[in-house]
Amino acid sequence: MIVVMEERATEAQIDAVIARLIELGMDVHRSSGATRTVLGVVGTGKIEKEMIEILDGVHEVLRISEPYKRASRSYHPEDTVVTIDDLRIGGDEVIVMAGPCSVESEKQILEAAHAVRDAGAVILRGGAFKPRTSPYSFQGLGKKGLQLLARAREETGLLIVTEAIDSEGVDLVAEVADIIQIGARNMQNYSLLKAAGRAKKPVLLKRGLAATITELLLSAEYLFAEGNRQVILCERGIRGFDPATRNVFDLTAIPVVHKLSHLPIVADPSHGTGLRDKVTPMARAAIAAGADGLLIEVHPHPERALSDGAQSLNPEQFSELMNQCRAIAEVIGRHVAAPAEV
Ligand code: PEP
Ligand code: MN
């Protein structure tokens, strides 16, 4: 951390700032020029910059290291690869997770599971517990939905990613899920993050609707702090001012996260755009930008979906998306993981 003193700061103010930093356990190196004094401070991991900014005579406080640690690339230079059975998320392969927004019935989830598997997805998605904006919207089948997901895994061999919406529900979800999803609305639900951090399952952490990348990585840090290092990040679009799309799909987040963090990041162009015809172009772009995987909403009959029908692909459209994404992955020296034989 660097503390820049005001031009008119007095010796007494400078001494008081140095004394406070030492009291907080920091190492301070003073350098005084013709007009200003600058303090180089080492060991600031646990202090807030605001604690220093409020001191008399301080002009500005600059952090030189990221506020997150274990999630940062400087702490762990090699890419993290999250391994589940034979699947490696964050390596050379691009992993596709697909399925309906919500689990609606046995028929629907089994049809969806077979369709996405036939097209080449390796993970089935589907919410049993749904965090809906309106309390009157379909809230998911709950426990029954989890049982149906388990059934779909048995039939297809697909792994399951499904959402936990509160800390009390994490253990229940973890019994069935191969990956626990933390949704955008819950990215900063710290009790949920702590519970998911204690679960012995990988976590898919979605970026909040108005969260910066630093905030996303700080939420990942919560999972690390509880001992869970199997973290997969997800860019799912952020709030913009233009109603032309549901969200603004932030493609830049992919290379930005890859530079700042060692964690894999997957792209969700379904929630990212909210519009079916925009999903495939943005999926192609995400693979080209280096995404480690895709999360795509696919419904056997999107027009009858109980949630997110407008952004759900039908099985034919998804199959075409997969063909296009396979071709793009090859161009950048990767390949799309294929489902195992069952
Ligand atoms: C979902 O994946 O269906 C979902 C609710 O996504 P998000 O949390 O990104 O809105
Ligand atoms: Mn959805």
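Assess whether N228 counts as being more than 21 Å from K144 (Cβ to Cβ) and touching a Leu at 6+ places or on another chain (Cβ under 8 Å). No, not satisfied.
Of everything listed in (1) hydrophobic (A, V, I, L, M, F, W, C); (2) surrounded by 17 or more Cβ atoms within 10 Å (Cβ to Cβ); (3) in a helix (DSSP H, G or I), the single unmet condition for I22 is (2).
Within segment 75-107, if we keep just the residues that are touching a Leu at 6+ places or on another chain (Cβ under 9 Å) and of a type in the set (S, T, N, Q), the residue that is nearest to E155 (Cα to Cα) turns out to be S105.
Checked against the criterion of being surrounded by fewer than 19 Cβ atoms within 10 Å (Cβ to Cβ) and in the same structural domain as A285 (by TED's automatic domain parsing), the candidates D15, D92, D56 yield just one match: D92. Among the residues making up segment 265-282, those that are away from ligand 1 (no atom under 15 Å from the Cβ) and either over 19 Å from R239 (Cα atoms) or assigned to a loop (DSSP other than H, G, I, E, B) (or both) are D277, T280, P281.
So which residues in segment 122-133 are among the small types (G, A, S) and either within 9 Å of ligand 1 (Cβ to nearest atom) or out of contact with any Leu (no Cβ under 7 Å at 6 or more places or on another chain) (or both), if there are any at all? Matches in segment 122-133: G126, G127. Only residues that are within 16 Å of ligand 1 (Cβ to nearest atom), on the phi < 0 side of the Ramachandran plot, touching a residue at least 60 places away in the same chain (Cβ under 8 Å) and not acidic (D, E) were counted in segment 73-120, giving 10. Among the conditions (1) within 14 Å of ligand 1 (Cβ to nearest atom); (2) crowded, with 22+ Cβ neighbours inside 10 Å, the only one that D250 does not satisfy is (2).
Within segment 118-140, being farther than 22 Å from N189 by Cα and surrounded by 23 or more Cβ atoms within 10 Å (Cβ to Cβ) holds for A121, V122, I123, L124. The set of residues from segment 186-236 being of a type in the set (F, W, Y) and touching a Phe, Trp or Tyr at 6+ places or on another chain (Cβ under 8 Å) comprises Y190, Y222.
Within segment 205-228, the set of residues being in a loop (DSSP other than H, G, I, E, B) and closer than 24 Å to A286 by Cα comprises R207, G208, L209, A210, A211, T212.
Any residue that is aliphatic (A, V, I, L, M), closer than 30 Å to G333 by Cα and either more than 24 Å from the chain's Cα centre (by Cα) or within 16 Å of ligand 2 (Cβ to nearest atom) (or both) - is there at least one of those in segment 97-110? Yes, there is a match, as at least one residue in segment 97-110 is aliphatic (A, V, I, L, M), closer than 30 Å to G333 by Cα and either more than 24 Å from the chain's Cα centre (by Cα) or within 16 Å of ligand 2 (Cβ to nearest atom) (or both).
The values are calculated or read from the model by the stated rules, or taken from the named source; none is laboratory data. Computed from a predicted model, the values in this text were never measured in an experiment. Don't worry about glycine lacking a Cβ; one is built from the backbone with ideal geometry, like all the others, and counts go over all protein chains shown.
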